[in-house]
Amino acid sequence: MMSGPRIYTPEPLTENTTVALDDQAVTHLVRVLRMKEGDDLRLFNGDGSEYQAQLIIESKKSASASVTHVIRQDAPLKLEIHLGQVISKGDRMDFTIQKATELGVTDITPLTSERCDVRLKGDRMEKKLEHWQKVAISACEQSGRNTVPVIHPPKSLSDWSTDTDADRKLLLHPHNQKPLESEVSSGQSPQSIALLVGPEGGFSDIEVTQCQESGFDGLLLGPRILRTETAALTALSVLQYVWGDFR
């Protein structure tokens, strides 16, 4: 039976071992939740399993967890989805990463494009990448997911579209699209998909042509033009329903 709050740790987890908890976990468990010595908690580290553990309080600022047994394991993914998302402003990118994680995406690569207004370099890029990975981890904690998607370093649209390999490569664009029914009616179920979503201003015609030359097909989601964060989540939901673990 599962009990206690669910916490991420980067430490290796095995039965009958003790692992140190980081400062953030200690603050949340001891100071915020006011947990006591021996209270139950659940741990995961991205290896696909969730573990039952008991809290060991060592001081006001340090604690560890005694791991007892595996509670459950995630089923193998039916569909691997690599989301190439052009970086959006403000908290929109955080929102996209959070919800894409909840929807089962396996990889996310932030992209730059001709109409992308966000430029990240040096330390700023490293800090933002670390922040996005934490957003994904937090989404896993909340959603019960035991595998954490990889947030890759930012790439240019041209490099990602050329380098990425998948059974199906799909591009969200208001024009030159075909409905998903044509993909489904082919009778072939892909095991991996690369999904490309553009910025608020959309892709330029040159970028669309370059992506199509790299094997990307347009995907039609409906009669309306969706915002960048809406488009990504709508597409992920539909793809998971048709070929993934929403069936």
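Met1 satisfies every condition listed in (1) modelled with pLDDT under 90; (2) touching a strand residue (DSSP E or B) at 6+ places or on another chain (Cβ under 8 Å) except (2). Scanning for something within 22 Å of Lys169 (Cβ to Cβ) and either surrounded by fewer than 20 Cβ atoms within 10 Å (Cβ to Cβ) or basic (Lys, Arg) (or both), does the stretch 82-97 turn up at least one residue? No, because not a single residue in the stretch 82-97 is within 22 Å of Lys169 (Cβ to Cβ) and either surrounded by fewer than 20 Cβ atoms within 10 Å (Cβ to Cβ) or basic (Lys, Arg) (or both).
Filter the stretch 226-247 for residues that are in a loop (DSSP other than H, G, I, E, B) and farther than 16 Å from Gly84 by Cα; which is modelled with the highest pLDDT? So, considering only residues that are in a loop (DSSP other than H, G, I, E, B) and farther than 16 Å from Gly84 by Cα, the one modelled with the highest pLDDT is Gly244.
For residues that are crowded, with 24+ Cβ neighbours inside 10 Å and of a type in the set (A, V, I, L, M), tally how many sit in the stretch 194-210. Steps first, answer last, please.
Residues of the stretch 194-210 crowded, with 24+ Cβ neighbours inside 10 Å: 194-198, 203.
Now narrow it down to the ones that are of a type in the set (A, V, I, L, M): 194-197.
So the answer is 4.
Scanning the stretch 69-90 finds no residues that are without any contact (Cβ under 8 Å) to a residue 24 or more places away in the chain and part of a strand (DSSP E or B). Can you find a residue that is surrounded by fewer than 22 Cβ atoms within 10 Å (Cβ to Cβ) and either in contact with a Cys (Cβ under 6 Å, 6 or more places away or on another chain) or in a strand (DSSP E or B) (or both) anywhere in the stretch 110-129? Yes, the stretch 110-129 contains a residue that is surrounded by fewer than 22 Cβ atoms within 10 Å (Cβ to Cβ) and either in contact with a Cys (Cβ under 6 Å, 6 or more places away or on another chain) or in a strand (DSSP E or B) (or both).
If you take the residues of the stretch 5-53 that are under 24 Å from the mean Cα position of the chain (by Cα) and among the small types (Gly, Ala, Ser), which of them is nearest to Ala65 (Cα to Cα)? Out of the qualifying residues, it is Ala25.
The residues of the stretch 49-78 that are buried (at least 16 other Cβ atoms within 10 Å of the Cβ) and either polar (S, T, N, Q) or at positive phi (or both), listed by number, are Ser49, Gln52, Gln54, Ser64.
For Asp107, state whether it is of a type in the set (Asp, Glu), surrounded by 16 or more Cβ atoms within 10 Å (Cβ to Cβ) and either closer than 23 Å to Phe246 by Cα or within 17 Å of the chain's Cα centre (by Cα) (or both). Steps first, please.
Working: of a type in the set (Asp, Glu): yes; surrounded by 16 or more Cβ atoms within 10 Å (Cβ to Cβ): yes; either closer than 23 Å to Phe246 by Cα or within 17 Å of the chain's Cα centre (by Cα) (or both): yes.
So Asp107 passes the test.
The values are calculated or read from the model by the stated rules, or taken from the named source; none is laboratory data. Quick caveat: nothing in here was measured; it's all calculated off a predicted structure. Cβ atoms come from the backbone with ideal geometry, glycine included; neighbour counts cover every protein chain shown.
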